[in-house]
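The values are calculated or read from the model by the stated rules, or taken from the named source; none is laboratory data. None of the values given here were measured: they were computed from a predicted structure. With ideal geometry, Cβ positions are generated from the backbone for all residues, glycine too; neighbour counts draw on all protein chains shown. When the accessible area is computed, the model is the full protein with side chains, heavy atoms only, and any ligands, DNA or RNA have been set aside. Shrake-Rupley method; radii C 1.70, N 1.55, O 1.52, S 1.80 Å.
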Amino acid sequence: GFKSPLKIHQKVNHFPGIQSLVSKTLMSDLNRDYNYILPFFLIPEDQDELDEFVSENPQKFLLEKNFFNRGVKIVSAKKVRERKNLVFYQEFMDNPFLIDNHAFDFGIFVLITSINPLRIYRFDADVLLRFCSEPYHPFDWRKRDKYVVKGESKTVYEMPSFEQIYQTFGFSSKIMFENYIGERGHDVTAFWKRIDDVIVRVISNAEAKVIENLAKFNFSSQNFFELVRFDLIIDDELNPYVLEVNMSPNLSPANEKYEENVLIYEQLVFNVIQMIGAGSFYEFWSR
């Protein structure tokens, strides 16, 4: 039979078949029956399902994304028309959890060190919070900066509820977020339990495809690892919904505005290298 070209000590940073996790359409399709993915429709193949959804929810709004550009916009369910080109529709969450009247997305770094058996680690030191540049209320669906996080998003350190706390104590985004929701009566432990459940379920649902690809080429799961970033949105009851899973997430600040994230990225890289057995903290800090 075919012999794997990889030696036992060699590490590759992408599992074969990982597209089933990081492709938005494949990932969403594998998790279609679960409540942590907002209803979505790939047109034209899901046109009948979309028509049924629109008929039952005429008051809803949908996010529309054309596959040939990166932009998204909101459309009323009543105005969704039959399309022949590739379009991705997803229900618009109209009750987001807001901080200082700003919507945001929630980035969590996750390391997969083995698929069979499955080993998953969530980076617990910090999270990425990226805020829309415009206040959410009064809401205007024509102003995308109210509900879409774009390149020039606001950082956690610019939000009034966090700015002074960060400047005084230097707390992480994760600690400040936990304090914020805890002060408003939410159960922080229950929130993280929901987050972990979502991460495990989404990765588990993609596991079979990766195992199939490993077997096809006679690869061992131990030769591979995968660092991804789960991007989620959260509703006003702190229920998380997966937007996408990013393969090879950017670990460098885009500009000086995001320099505060350097410490997160450094800690993340050191942890990943240690967890995959490619080095140790002693080796790094003794140089």
Study note, to complete from the structure: Yeah, segment 155-287 with a ≥ b ≥ c from its alpha-carbon gyration tensor (a/c under 1.5 is rounded, else prolate when a/b outruns b/c, oblate otherwise) is oblate
Study note, to complete from the structure: Expressed per residue, the solvent accessible area of the chain in Å² (1.4 Å probe) is about 54
Check your understanding: What is the packing order of peptides 16-23, 54-61, taking the mean over residues of other C-beta atoms within 10 Å and listing the highest first?
Key -> 16-23, 54-61
Review point. Which GluC sites (Glu not before Pro) in segment 80-169 pass both tests, a DSSP loop state and at most 12 other beta-carbon atoms within 10 Å?
Key: Glu82, Glu152
Review point. For the chain, what does the equivalent ellipsoid look like in terms of its semi-axes, each the square root of 5 times an eigenvalue of the Cα gyration tensor, given largest first in whole Å?
Key: 32, 28, 16
Revision key, fill the gap. Cα convex hull volume per residue for segment 96-231, in Å³, equals 143
Exercise for review: Can you tell me how much longer the chain between Leu86 and Asn246 gets when fully stretched, taken as 0.36 nm per residue apart minus their C-alpha distance, in nm with one decimal?
Suggested key: 55.5 nm
Study note, to complete from the structure: Helix-only [θ] at 222 nm, the chain, -39500 (n - 2.57) per DSSP H run of 4+, per residue, nearest 500, equals -9500 deg cm²/dmol
Revision key, fill the gap. Candidate cut points under chymotrypsin sites (Phe, Trp or Tyr not before Pro) in segment 174-266, DSSP loop plus at most 16 other Cβ atoms within 10 Å of their own Cβ, are Phe217
